[in-house]
Amino acid sequence: MSEQSSSTPTDRIHRVIDLRIPLPYLLSGVMVVLWALISMYFSVNQLVRDVGDLQITVKSGNSQSTTLAGEIAILRWRVDSLEGVRREPLPTSQPQAEPSKRGGRP
């Protein structure tokens, strides 16, 4: 028991640091990390290409929607002007009779 109580915290730290990793485990760990980094690089590269393609698609969609909105505005203006012309009373050659001034229906 006296041996356990005499161990200092520096001995414990030294023991943790002094652990040795076998070479196959070290190589396997390095290979896994490298494989993960390489696959992440190619995944991010593909993602950047996909985002670029999507941006082109969205920009073309935005320009098409802007074009369609302009054409719809022109068509609305034309329809409104045609409806305005239709609503105007046609000029008549006969003067309209004035309503009678009696108490009857107008």
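Rule-based calculations on the coordinates, nothing more; no lab input. This is a predicted model, so every value here is computed, not measured. For neighbour counting, all protein chains shown are included, and Cβ atoms are generated from backbone atoms with ideal geometry for every residue, glycine included.
Grab the beta carbon distance between Asp53 and Leu75, set R0 = 30 Å, and tell me the FRET efficiency rounded to 0.05.
Details: r = 33 Å, r/R0 = 1.10.
According to the calculation, E is roughly 0.35.
With bins 5 Å wide starting at 0, give me the P(r) of segment 27-89 over every alpha carbon pair, in whole percents.
Taking every Cα pair in segment 27-89, the percentages come to 4, 14, 9, 10, 8, 7, 8, 6, 7, 5, 5, 4, 4, 3, 3, 2, 1, 1, 0.
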